[in-house]
Ligand SMILES: C[S@@+](CC[C@H](N)C(=O)[O-])C[C@H]1O[C@@H](n2cnc3c(N)ncnc32)[C@H](O)[C@@H]1O
């Protein structure tokens with residue numbers, strides 16, 4: 001199947017025997033970088049919970065407002081971990097609207113389709129001196145930091161905005177025979193915080209079942225069961241567990257809040273408004289600065 005950039009997919013190494021989180025999410029967002037196996041899984045969920053589409057779109061729009069806001073605060077380097085398929089716009093496009101030609105971005109994902117699609121779009125619309133996409137696993141922070149440094153696109157001795165958007169609730173496939181482990185958790189995030197230089201930002205969005213309506217809580221229980229049995233297990237964290245991921249970084253206004261409530265004034269007139277009330281949201285979002 002050719003993708004929107006006209007390339008034949010899937011690239012080598014893509015596993016089409018199981019649905020993939022990146023490709024399912026692309027389908028929620030209305031993208032076309034997904035296959036039958038992904039759509040079948042997503043459609044089963046969407047049939048029961050059509051709200052998943054506006055929830056995903058609200059998360060991506062948070063990402064856009066976040067990049068806009070931090071670029072206005074003077075940030076000129078972004079590292080987007082678990083960047084996904086660039087359906088609905090890439091971070092560098094948003095940053096370039098605010099500070100044309102000034103912002104550097106490294107995208108990181110372990111899903112080959114997401115990386116191949118990002119590279120293809122960057123070749124066409126990016127600037128190779130300022131933007132790149134690498135395929136890597138964020139569970140190896142030191143190795144990843146080295147790879148990011150080697151791209152020459154960002155200077156890790158200077159402040160960076162490190163984005164972990166809708167990625168930390170994804171549990172990783174265990175080695176055969178070993179139990180699922182929550183390894184995109186507090187310890188891993190702390191390692192990244194330590195590697196960031198002063199003046200950097202850490203931004204996180206994360207699914208929670210804390211403080212949500214009983215209808216949403218029930219939906220989350222059922223979604224978790226479905227994801228867990230699909231080979232892409234997930235974990236929902238409480239508000240305080242998500243807050244703890246920021247460590248001693250100072251949360252900037254408005255603190256940790258539902259995606260749609262995070263700096264709504266940063267929306268542009270071209271941003272669609274997803275039909276999602278704040279109390280239907282299940283994704284908390286925030287950004288914090290290292291002193
Ligand atoms: C739900 S998508 C979020 C995409 C994007 N950050 C956003 O919010 O629009 C999660 C992404 O994280 C990626 N991911 C999951 N575990 C990862 C890991 N260990 N290393 C790198 N990427 C990972 C998935 O492949 C997927 O593209």
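We did not get these values from a lab; they are worked out from the coordinates using the rules stated. Quantities reported herein were computed from a predicted structural model and do not represent experimental measurements. Neighbour counts run over all protein chains shown; Cβ positions are idealised from the backbone, glycine included.
A full extension of the chain between residue 239 and residue 32 corresponds to an added length of 71.2 nm, given 0.36 nm per residue minus the alpha carbon distance. Mean residue ellipticity at 222 nm, helices only, the chain: -11500 deg cm²/dmol; runs of at least 4 DSSP H residues each add -39,500 (n - 2.57), and the sum is divided by the number of residues.
Peptides 284-290, 241-247, 193-199 ranked from most to least packed give 284-290, 241-247, 193-199, packing being the mean of other C-beta atoms within 10 angstrom over each peptide's residues. Averaging the sequence gap over all C-alpha pairs within less than 8 Å and six or more residues apart, then dividing by the number of residues, gives segment 37-115 a relative contact order of 30 percent. Computed over the alpha-carbon pairs of segment 14-115, the distance histogram in 5 Å steps reads 2, 13, 21, 21, 17, 12, 7, 5, 1 percent, short to long. Within the chain, antiparallel bridges make up roughly 40 percent of the DSSP beta bridges whose residues both belong there. Mind checking the log10 I(q)/I(0) for the chain at q = 0.06, 0.13 Å⁻¹? Debye, one equal scatterer per Cα, no solvent, two decimals. Here the Debye-derived log intensity ratios amount to -0.17, -0.88. Using a cutoff of 8 angstrom between alpha carbon atoms and counting only pairs six or more residues apart, the relative contact order for segment 177-277 works out to 29 percent. Peptide packing for 251-258, 43-50 was compared via the average number of neighbouring C-beta atoms within 10 Å per residue; ordered from the highest value, the list is 251-258, 43-50. One Cα centroid belongs to segment 14-59, the other to segment 226-278; the line between them spans 19 Å. Starting from the Cα gyration tensor of segment 214-291, take the square roots of the eigenvalues, sort them a ≥ b ≥ c, and report rounded, prolate or oblate (rounded when a/c is under 1.5, otherwise prolate if a/b is larger than b/c, else oblate). Note, shape of segment 214-291 comes out oblate. The ranking of 35, 262 from fewest to most other beta carbons within 10 Å of each one's beta carbon is 35, 262.
Taking packing as the residue-averaged number of other Cβ atoms within 10 angstrom, the listed peptides 86-99, 123-136 run from highest to lowest as 86-99, 123-136. For segment 21-289, averaging the sequence separation of C-alpha pairs within contact (under 8 Å, six or more residues apart) and dividing by the residue count gives a relative contact order of 20 percent.
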